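Report on the structure given below.
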Amino acid sequence: MEIKMVTQNRNKLREIEKLLKPYGFSVVGVYVPTDEIQSNSLKEIVLRKAESIINMVKPIYLVEDSGLFINALNQFPGPYSNFIFETIGNKGILKLMRNVKDRTAIFRTVIAAVILPNVIKLFEGEVKGSISKEIRGEKGFGFDPIFIPDGWDKTLGEIGVEEKNIISHRGNAFRKFAEYMSSYMKIAEE
Ligand code: ITT
């Protein structure tokens, strides 16, 4: 079965293709500009993104919003992660974290799955970890080279996509979606 993923981020798409393949879902990347509201809630942002293209894309389609929430910075950059990554980048985050003892942070993902035009389901995933003291690793994308997942001594930038998917915010959210979708399809078949 084919699932459309609305995103302009190629790295995300690559991770999602690998995540959904074992469930028998093939992923097609679609890019349609969506409404991006300012909000502290990933859920609100992603829901609006999904609803804003309901007349343009035929379900089933998925929209995702992710962010890095740093505890010592009051959950910054959170929903503003894209803008912050594009402006100050990893170097800027490390500067803000200079001499900060509490380096704990969480990566969060929310997916809006538009199953039918009037059926939208949300799935959340997260991974806890900490901000490294330096940029490490060339794999992954975005904040991966400064994020050390709990239980690891490597950043997400130092581990490959397969391992990242096992532990990541995105992995956790997409497995929830895939399990929901698999049982939804079973019921629809009966
Ligand atoms: P969309 O088109 O799907 O919205 P995007 O790149 O704008 O793509 P998000 O708004 O979900 O994606 O993510 C905001 C930023 O957070 C993104 O640009 C990355 O810099 C960072 N980010 C998201 N997921 C990440 C991940 O798994 N690893 C590292 N950084 C991530």
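Numbers at a glance
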| read-out | value |
| --- | --- |
| The listed residue being open to solvent by less than 30 Å² (accessible area, probe 1.4 Å), under 30 Å from I53 (Cβ atoms) and of a type outside the set (A, V, I, L, M), out of T155, T109 | T109 |
| Boolean, I120 is in contact (Cβ under 8 Å) with a residue 40 or more places away in the chain, more than 11 Å from the ligand (Cβ to nearest atom) and crowded, with 17+ Cβ neighbours inside 10 Å | yes |
| Flag for V114 being in a strand (DSSP E or B) and either over 17 Å from the mean Cα position of the chain (by Cα) or at pLDDT 95 or above (or both) | yes |
| Pairs, first open to solvent by 90 Å² or more (accessible area, probe 1.4 Å) in the stretch 44-58, second part of a loop (DSSP other than H, G, I, E, B) and modelled with pLDDT of 95 or more, C-beta under 6 Å, six or more apart | M56/V32 |
| Selected residue (criterion: farthest from the ligand (Cβ to nearest atom)) from residues of the stretch 28-44 that are under 20 Å from G171 (Cα atoms) and in a helix (DSSP H, G or I) | K43 |
| Any hit, the stretch 9-27, residues being over 18 Å from G171 (Cα atoms), open to solvent by 90 Å² or more (accessible area, probe 1.4 Å) and under 18 Å from the mean Cα position of the chain (by Cα) | no |
| Restricting the stretch 123-135 to residues that are charged (D, E, K, R) and within 25 Å of V6 (Cα to Cα), the residue that is surrounded by the most Cβ atoms within 10 Å (Cβ to Cβ) | E126 |
| When residues of the stretch 72-102 are limited to those that are more than 16 Å from the ligand (Cβ to nearest atom) and among the charged types (D, E, K, R), the one nearest to E179 (Cα to Cα) | D102 |
| Matching residues, the stretch 76-104, being in a helix (DSSP H, G or I) and of a type in the set (S, T, N, Q) | S81, N82, T87, N90 |
| Which numbered condition E138 misses (of (1) touching a residue at least 24 places away in the same chain (Cβ under 8 Å); (2) within 21 Å of Q8 (Cα to Cα); (3) open to solvent by 40 Å² or more (accessible area, probe 1.4 Å); (4) not aromatic (F, W, Y)) | (1) |
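The values are calculated or read from the model by the stated rules, or taken from the named source; none is laboratory data. Keep in mind that this is a model prediction, so the values were computed, not measured. A quick note on method: Cβ atoms are made from the backbone with ideal geometry, for glycine too, and the neighbour counts reach across all protein chains shown. Please note that ligands, DNA and RNA were not included when accessible areas were found on the heavy atoms of the full protein model with its side chains. Shrake-Rupley method; radii C 1.70, N 1.55, O 1.52, S 1.80 Å.
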